[in-house]
1. Can you find, within the stretch 1-48, the residue that is modelled with the lowest pLDDT among those that are over 14 Å from the mean Cα position of the chain (by Cα) and basic (Lys, Arg)?
2. Can you tell me which of Val49, Val6 is of a type in the set (A, V, I, L, M, F, W, C) and either touching a residue at least 40 places away in the same chain (Cβ under 8 Å) or in contact with a helix residue (DSSP H, G or I) (Cβ under 6 Å, 6 or more places away or on another chain) (or both)?
3. Does Arg55 satisfy the criteria of being under 14 Å from the mean Cα position of the chain (by Cα) and part of a helix (DSSP H, G or I)?
4. Report, by residue number, each residue of the stretch 24-71 that is surrounded by 10 or more Cβ atoms within 10 Å (Cβ to Cβ) and either in contact with a Lys or Arg (Cβ under 6 Å, 6 or more places away or on another chain) or on the phi > 0 side of the Ramachandran plot (or both).
5. Any residue that is in a loop (DSSP other than H, G, I, E, B) and of a type in the set (A, V, I, L, M) - is there at least one of those in the stretch 1-20?
Amino acid sequence: MSSSIVELLDMVDAWKFALHDKLEKMSPSERRAFWKQIHEEARKTGLHVAGLEKRPKPTAKRVRRTVSKNS
């Protein structure tokens with residue numbers, strides 16, 4: 001590989017580990033606020049940022065109806 005690609009990958013790795021350390025020190029609510037801010041900044045620059053996927057609602061459990069003996 002060329003040296004410029006290796007340098008780029010080294011910079012990406014350094015950024016990734018720094019971000020991981022930063023996020024590790026945050027509480028869950030701080031992480032949510034951080035990512036919300038990052039997504040808002042990305043949208044302002046015109047980047048398409050996919051929203052969070054919502055969990056599907058649980059389906060109702062199927063229950064057999066009992067037939068009354070009086071009918």
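1. Applying the filter and picking the extreme gives Arg43.
2. Going through Val49, Val6 in turn, just one is of a type in the set (A, V, I, L, M, F, W, C) and either touching a residue at least 40 places away in the same chain (Cβ under 8 Å) or in contact with a helix residue (DSSP H, G or I) (Cβ under 6 Å, 6 or more places away or on another chain) (or both): Val49.
3. In short, no.
4. Val49 - this is the single residue of the stretch 24-71 that is surrounded by 10 or more Cβ atoms within 10 Å (Cβ to Cβ) and either in contact with a Lys or Arg (Cβ under 6 Å, 6 or more places away or on another chain) or on the phi > 0 side of the Ramachandran plot (or both).
5. For the stretch 1-20, residues in a loop (DSSP other than H, G, I, E, B) and of a type in the set (A, V, I, L, M): present.
The values are calculated or read from the model by the stated rules, or taken from the named source; none is laboratory data. Being a predicted model, the structure only gives us computed values, none of them experimental. Every residue, glycine among them, receives a Cβ derived from its backbone with ideal geometry; neighbour counts consider all protein chains shown.
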